[in-house]
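The values are calculated or read from the model by the stated rules, or taken from the named source; none is laboratory data. The structure presented is a predicted model; accordingly, all values stated were derived computationally and were not measured. Here the Cβ is made from the backbone with ideal geometry for all residues, glycine too, and neighbour counts use every protein chain on show. In case anyone asks, the SASA skips ligands and DNA or RNA and just uses the protein heavy atoms, side chains included. Shrake-Rupley method; radii C 1.70, N 1.55, O 1.52, S 1.80 Å.
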Amino acid sequence: VIVLMLSSNDCNVENDYWRGEEAFVREYVEFAKQLIGLVDGDIRRLFVLPPPPLYPQAGKHSNVPTMPGACPLELRNEVYPRLFPLIKEQLGLPNNNFVDSFDILGGSDHRREELFCMILDPVLKPDA
């Protein structure tokens, strides 16, 4: 079984990781197909999870726009939810193999903040 939950860093506009919606979908599908090849082409062994939402307020799993490489909220919370169904469709992924972690963990209306246990502190530096 392969669980594919990538793309948190792909929305990093500062480092040019984000190359647009079409490129994102195309590259994600290409990579997923390579992974499917590792399990003898059995797509039922691949599970795709979009990343969870970013919460706009400070605190749990929040986005800190001033941090280097921070993912823009609108990209992660508005664009990604449109793109992952396209990825699912292009792969021909069975419904049970698409786990909508974005929606499960609160979606665009941020209704499940209590599920996040980690508090991100924008003041702390990685080498602190």
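Candidates are the residues of region 70-122 that are among the small types (Gly, Ala, Ser) and more than 16 Å from CYS11 (Cβ to Cβ); the one that is modelled with the highest pLDDT is GLY92. Cβ separations smaller than 7 Å between residues 6+ apart or across chains give the following pairs from region 33-47 residues that are closer than 16 Å to PRO94 by Cα to residues that are open to solvent by 40 Å² or more (accessible area, probe 1.4 Å) and among the small types (Gly, Ala, Ser): ILE43/GLY92.
Quick one: is LYS125 modelled with pLDDT of 95 or more, open to solvent by 70 Å² or more (accessible area, probe 1.4 Å) and basic (Lys, Arg)? Spelling it out, it is not the case that LYS125 is modelled with pLDDT of 95 or more, open to solvent by 70 Å² or more (accessible area, probe 1.4 Å) and basic (Lys, Arg). The set of residues from region 31-48 being open to solvent by 30 Å² or more (accessible area, probe 1.4 Å) and under 30 Å from GLU114 (Cβ atoms) comprises just one member, PHE47.
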